[in-house]
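Read through the structure below, which is laid out as structure tokens, and then see the notes.
The values are calculated or read from the model by the stated rules, or taken from the named source; none is laboratory data. The structure displayed is predicted, hence computed values, not measured ones. Methodologically, a virtual Cβ is constructed for each residue, glycine included, from the backbone with ideal geometry; neighbour enumeration extends over all protein chains shown.
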């Protein structure tokens, strides 16, 4: 008995040792086996550069992996160690942008990002470009070169944006064997700050001096070729030797004149009727005359939606003047509140009566739902304002928003046949876009996006959420897309100069026309065309960008709902590396610390094995069962 107990103890110790050695590999084993459970999954691995959160700062190389599977538009991010929220936003934006540039429906995929660093890194969007390259590579199953590195944030339109800390990152990449280092266009020359010590008698005076650093020359010292890239397609070419070829079919706006002219004529007629009524009161009509004159000019030039918008602005002014002459006290004001509320409710009842829309009717109902929600918001402001004149102004906006909703609904009779959409599909789309808009606003706020556009995006989100609650799914989707567009644009305007904005306007114009050219093969995209025309006539470049991008996104919404998403082609290119690049004269580089005193020692991260047999896991289970059985017998004896 005693001998058996000793043997039992020895056997238990041996089994425990085997179990311990087997269990030691289980974390990686389980991780890799969970990956094996993905169906039809593609994975891409890439190295990115970042800045360590140390003092002084140092460059670091991090490992990023992305797994893409069939799914429904979800993005999962795991960071080791934990990074700031903008890494989450970068991953989400990378997935969206990758699908956009490839012409794929984002909502057909799920994305799983893993970011691994050997030490905490400074949060920032500078890995956005690299993550987008990796996502495109996973979607298209492309091989990624290991000697190419990149830094640069990604804009939602596929442009690569400026970042900081490039000298640190370049040095870290060189130590990891980089031969090519891609940087955002315009950042070849950056400014660094060096610490200067000057001794005067017993005192040492420390100051900082700024000096320009040519990253191309610095790269040559490190044995790395530094290349500026403007778009993600350029970066993809260096990483994979593949480039993206997009459809070039564009639309001819003149074919939509018969539809848009109906909007303009309806609005012009209503403006004329109200003008006659207000004129009889003796009110001064200079402002209204100015907008009407602009509308007439746009109408003559064939810009019918622009004319509609200008007549609408004139109507708001006329309605306000009408109210100032007909509403004399609080009782009159309360009575008008009631009339406007009744009109809103009757219009909402009509909009709610249509449960199953089609692709073409969706855009008309969406435009009307969005406008009736705005009318409700303006009525609330009018009711809650302490200023009588301000109440009249908000009331005029509310009344005319109702009228503009009816103008859009007047085009329903032009639809001959339509592609039906299930209400639950549209609801899901609206929920998805609202979630994306909310995430984009958080991300834009985190990285210092343009505040005015962020505020506008938040307003669109509030409208979208309210429409979603009321079952106005078409309007909710359109408002959310407007929020995404404005939040995205607030990011794109970070550190962008005038020349870059011009380039973006040209690109956005082209992209919108191509998207419309694709969707018009299936349905008539009157709302995207209307916004495209408005962008064409806008003078403000930011307004142009906003409406071009909104036009494109709405066209893509219609494409995705019609299941007719056109996919871009990727083409292999024999890459000849460009010669030396001249610095961009007008670039405004970020200020960097002194790179001459940086000597980072970056240990290489261990590569994760592609496959570890599951034998050890099974052995551990068998040994555990055997141990339990043996101990049970020992206790019995």
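Return yes or no: is residue 294 outside the structural domain of residue 426 (by TED's automatic domain parsing), surrounded by 20 or more Cβ atoms within 10 Å (Cβ to Cβ), at pLDDT 95 or above and assigned to a helix (DSSP H, G or I)? So residue 294 does not fit the description; no. Restricting attention to segment 354-402, the residues that are in a helix (DSSP H, G or I) and farther than 29 Å from residue 416 by Cβ add up to 24. With respect to being in the same structural domain as residue 527 (by TED's automatic domain parsing), surrounded by 19 or more Cβ atoms within 10 Å (Cβ to Cβ) and within 24 Å of residue 360 (Cβ to Cβ), residue 439 falls outside the description. Quick check on residue 123: is it touching a helix residue (DSSP H, G or I) at 6+ places or on another chain (Cβ under 9 Å) and modelled with pLDDT of 85 or more? Considered against the rule, which asks whether it is touching a helix residue (DSSP H, G or I) at 6+ places or on another chain (Cβ under 9 Å) and modelled with pLDDT of 85 or more, residue 123 comes out as no.
Taken together, the criteria place residue 386 among residues that are surrounded by fewer than 21 Cβ atoms within 10 Å (Cβ to Cβ), more than 30 Å from residue 75 (Cα to Cα) and free of Cβ contacts under 8 Å to residues at least 40 places away in the same chain. Only one of the listed residues (98, 50) is modelled with pLDDT of 80 or more, outside any loop (DSSP other than H, G, I, E, B) and either assigned by TED's automatic domain parsing to the domain that holds residue 439 or within 21 Å of the chain's Cα centre (by Cα) (or both). That residue is 98.
Could you check, for segment 298-315, whether at least one of its residues is part of a helix (DSSP H, G or I) and more than 21 Å from residue 411 (Cα to Cα)?
Checked segment 298-315: at least one residue is part of a helix (DSSP H, G or I) and more than 21 Å from residue 411 (Cα to Cα).
Given the conditions (1) at pLDDT 90 or above; (2) out of contact with any helix residue (DSSP H, G or I) (no Cβ under 8 Å at 6 or more places or on another chain), and given that residue 521 satisfies all but one, which numbered condition is not satisfied? Among (1) at pLDDT 90 or above; (2) out of contact with any helix residue (DSSP H, G or I) (no Cβ under 8 Å at 6 or more places or on another chain), residue 521 violates only (1). Of the numbered conditions (1) surrounded by 24 or more Cβ atoms within 10 Å (Cβ to Cβ); (2) within 21 Å of the chain's Cα centre (by Cα); (3) at pLDDT 80 or above, residue 155 fails exactly one; give the number of that condition. The one condition residue 155 does not meet is (3). No other residue among 459, 495 is over 23 Å from residue 94 (Cβ atoms) and out of contact with any strand residue (DSSP E or B) (no Cβ under 7 Å at 6 or more places or on another chain) apart from 459. If you go through segment 427-436 and pick out every residue that is modelled with pLDDT of 85 or more and surrounded by fewer than 20 Cβ atoms within 10 Å (Cβ to Cβ), you end up with 2. Got at least one residue in segment 556-563 being under 18 Å from the mean Cα position of the chain (by Cα) and farther than 18 Å from residue 105 by Cβ? No, because not a single residue in segment 556-563 is under 18 Å from the mean Cα position of the chain (by Cα) and farther than 18 Å from residue 105 by Cβ. On inspection, residue 505 passes the criterion of being within 27 Å of residue 187 (Cα to Cα) and in contact (Cβ under 8 Å) with a residue 24 or more places away in the chain.
Scanning segment 24-47 for residues that are assigned to a loop (DSSP other than H, G, I, E, B) and closer than 17 Å to residue 137 by Cβ, which turns out modelled with the highest pLDDT?
Going through segment 24-47, the residues assigned to a loop (DSSP other than H, G, I, E, B) turn out to be 24-25, 37-41.
Add one more test, that the residue is closer than 17 Å to residue 137 by Cβ, and what stays is 38, 40-41.
Working: 38: 69, 40: 80, 41: 89.
This residue is 41.
Taking segment 236-285 as the range and being touching a strand residue (DSSP E or B) at 6+ places or on another chain (Cβ under 7 Å) and part of a helix (DSSP H, G or I) as the test, the residues that pass are 236, 237, 238, 239.
Just one residue in the set 556, 549, 544 is modelled with pLDDT of 90 or more, in contact with a helix residue (DSSP H, G or I) (Cβ under 6 Å, 6 or more places away or on another chain), surrounded by 11 or more Cβ atoms within 10 Å (Cβ to Cβ) and under 30 Å from residue 418 (Cα atoms); that residue is 549. Among the residues of segment 54-71, none qualifies, meaning not one is assigned to a strand (DSSP E or B), out of contact with any helix residue (DSSP H, G or I) (no Cβ under 8 Å at 6 or more places or on another chain) and modelled with pLDDT under 90.
If we scan segment 126-134, do we find a residue that is surrounded by fewer than 22 Cβ atoms within 10 Å (Cβ to Cβ) and either under 28 Å from residue 571 (Cβ atoms) or more than 21 Å from the chain's Cα centre (by Cα) (or both)?
At the first step, the residues of segment 126-134 found to be surrounded by fewer than 22 Cβ atoms within 10 Å (Cβ to Cβ) are none.
No, that holds for no residue.
Looking at 317, 360, 336, 343, which is the one that is in contact with a helix residue (DSSP H, G or I) (Cβ under 7 Å, 6 or more places away or on another chain) and buried (at least 21 other Cβ atoms within 10 Å of the Cβ)? When all the criteria are applied, what remains is 317.
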